[in-house]
1. Do you know which residues across the stretch 228-255 are within 22 Å of Lys308 (Cα to Cα), surrounded by 14 or more Cβ atoms within 10 Å (Cβ to Cβ) and in contact with a helix residue (DSSP H, G or I) (Cβ under 9 Å, 6 or more places away or on another chain)?
2. Can you tell which of Lys421, Lys437 is touching a helix residue (DSSP H, G or I) at 6+ places or on another chain (Cβ under 7 Å) and among the basic types (Lys, Arg)?
3. Can Ser295 be described as part of a helix (DSSP H, G or I), among the polar types (S, T, N, Q) and open to solvent by less than 40 Å² (accessible area, probe 1.4 Å)?
4. Provide a single number: the residues in the stretch 309-320 that are under 16 Å from Met243 (Cα atoms) and either among the small types (Gly, Ala, Ser) or open to solvent by 10 Å² or more (accessible area, probe 1.4 Å) (or both).
5. Given the conditions (1) assigned to a helix (DSSP H, G or I); (2) under 21 Å from Thr268 (Cα atoms), report the number of the one that Trp441 does not fulfil.
6. Looking only at residues in the stretch 342-372 that are of a type in the set (S, T, N, Q) and closer than 16 Å to Leu211 by Cα, which one is modelled with the lowest pLDDT?
7. Please find, within the stretch 338-369, the residue that is farthest from Glu311 (Cα to Cα) out of those that are part of a loop (DSSP other than H, G, I, E, B) and touching a strand residue (DSSP E or B) at 6+ places or on another chain (Cβ under 8 Å).
8. Against the condition among the β-branched types (Val, Ile, Thr), under 29 Å from the mean Cα position of the chain (by Cα) and open to solvent by 60 Å² or more (accessible area, probe 1.4 Å), how does Val191 come out, does it pass?
Amino acid sequence: MVRHFIMRLLLLCIILSLTSVALCANHHQAEVEDNEFAEFEEFDEDEVVQEKETKDQTESKPTPIDIVEEDENEVKVEEEEFDHFSDEEEFEGLEEQSHQKIKPEKPDLKITKVPLHLRSNWESFYMEFLMIAGLLVYFINFVAGRNKNQKLAMAWFNSHKHLLESNFALVGDDGKKEIENPGLVKESENVYTLWCSGRVCVEGMLVELKLLKRQDLVSVVSRFFRPASDQILIKVHMNADSMDSFVFCVAKKKTALALGKEMTDLCTYCPDKKSAEKYGLSSNFTIMSEVVEASNAMLDSKVVALTKKYEQNIDYIHFSDQYSGPKLQEDSTPTKLPEVKKLLMFGFSVPGQGKVTPEIMETLKPLLQLVFYYVEKVKRFNLSKEAKTKAEKNRQKVEEAFIKTTHAQRQEAAQQRREEKRRAEKERILNEEDPEKQRKWEDREHRRELKKKAPKMKQLKVKAL
């Protein structure tokens with residue numbers, strides 16, 4: 001519609017321009033004609049004619065204002081003739097569109113209620129505040145627990161240092177060629193170790209202070225439901241000729257049950273568990289011994305008296321010349337006997353159920369004296385000939401049983417090695433270009449297969465009469 005309107009305006013302008021040109025041409029032609037007729041008039045009338053011509057020219061020649069007025073009249077006529085806005089067919093549907101534009105549809109606005117946890121106020125950050133408070137509590141507990149464990153470890157070391165130095169030439173080896181920091185070695189925030197060496201009949205002694213995880217807030221909370229105690233674990237590595245062949249263990253019932261399932265030497269040589277009451281100990285203890293002589297010798301009157309006095313502190317005492325560590329899992333089948341060591345192992349619990357002070361750590365010196373007493377006693381102890389023969393037979397039986405259990409595994413390994421060797425030989429023959437060698441190798445393999453499938457015959461020798 002707009003395009004038609006513009007085109008009509010252009011046509012109107014063209015028509016107006018053509019009419020103005022035609023008017024100018026008519027006036028010019030009339031002027032020429034007047035001049036031609038004037039040539040035949042008399043000279044007396046020249047002035048009158050000139051005046052008349054000038055008057056006619058002034059009357060006939062249109063002024064610019066007259067032209068504009070005529071043009072405006074024509075434009076008005078044309079506009080009256082081509083009135084686009086009065087044409088009903090020209091703007092069909094315009095009223096509907098204007099009505100639609102004037103009355104737009106109202107949008108369906110819904111105001112959503114913002115939840116409280118999404119509003120920007122301090123109450124919406126309560127989770128962050130709780131997390132920050134929890135981290136602060138954890139950090140404070142970590143520092144306090146670490147410092148307390150360090151104080152307890154140093155209290156035990158300082159109170160036992162004189163006794164250790166009187167029994168060992170070197171106390172506190174840090175594993176370097178030149179010892180820089182003799183004393184306790186910090187393995188973690190709750191584990192400290194001490195290695196001592198330089199004593200007759202002893203390769204070395206390892207003391208492990210396994211304290212509670214006081215630096216761990218989760219462990220601190222769990223101890224409210226399951227109380228636990230700090231532990232002192234001592235392992236004395238004996239020389240090969242300083243200990244006779246026997247396995248012995250005295251422990252509390254719960255600990256004895258766990259050791260009997262986990263330790264290889266106790267499972268193998270001490271399957272039976274006996275009560276300790278006949279030796280004068282409390283009914284809370286259980287004895288596992290390979291040889292009765294070893295039990296009678298290890299539980300003398302001095303040991304029984306000290307055990308009764310420190311019953312709450314002694315967890316287990318384990319001597320073994322066949323110590324190989326915990327039992328292997330059932331899935332793993334070793335191909336050779338494990339390496340064994342001669343060890344004296346002691347497990348002591350610190351009294352207080354976690355509420356330990358440095359003064360309590362200083363009162364545990366008799367337990368270390370018990371360790372040195374047993375070192376001297378094991379060194380001097382010798383089994384009788386019958387007991388020693390029994391112990392040797394037990395070790396021989398264990399070795400034979402191990403060989404039988406691993407025989408099938410060794411056969412399978414040997415068969416696998418033979419198969420790999422035969423496969424490599426076959427690849428080497430096939431890679432050669434000599435067909436004669438390939439044929440000989442195939443014949444040899446065929447004879448071997450027939451020999452395997454043939455029934456086995458026993459050859460009997462008959463003596464001649």
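1. Across the stretch 228-255, the qualifying residues are Asp230, Ile232, Ile234, Phe248, Cys249, Val250, Ala251.
2. Lys437
3. Yes, satisfied.
4. The number of residues fulfilling the criteria is 1.
5. Of everything listed in (1) assigned to a helix (DSSP H, G or I); (2) under 21 Å from Thr268 (Cα atoms), Trp441 misses just condition (2).
6. Going residue by residue through the stretch 342-372, those that are of a type in the set (S, T, N, Q) are 349, 353, 357, 363, 369.
Adding the requirement that they be closer than 16 Å to Leu211 by Cα leaves 349, 353, 357.
Values: Ser349: 91, Gln353: 80, Thr357: 86.
Among residues in the stretch 342-372 that are of a type in the set (S, T, N, Q) and closer than 16 Å to Leu211 by Cα, the one modelled with the lowest pLDDT is Gln353.
7. As a first pass, look at the stretch 338-369 and keep what is part of a loop (DSSP other than H, G, I, E, B): 338-340, 350-357, 363-364.
With touching a strand residue (DSSP E or B) at 6+ places or on another chain (Cβ under 8 Å) added as a condition, the list becomes 340, 350, 364.
On the way: Val340: 30, Val350: 11, Leu364: 13 Å.
Looking at residues that are part of a loop (DSSP other than H, G, I, E, B) and touching a strand residue (DSSP E or B) at 6+ places or on another chain (Cβ under 8 Å), I get Val340.
8. Taking the combined requirement at face value, the residue does not satisfy it.
The values are calculated or read from the model by the stated rules, or taken from the named source; none is laboratory data. Keep in mind that what you see is a predicted model, and the values were worked out from it rather than measured. In this analysis, Cβ positions are derived from the backbone assuming ideal geometry, glycine residues included, and neighbour counts consider all displayed protein chains. Side chains are part of the model used for accessible areas, which takes the heavy atoms of the whole protein and leaves out ligands, DNA and RNA. Shrake-Rupley method; radii C 1.70, N 1.55, O 1.52, S 1.80 Å.
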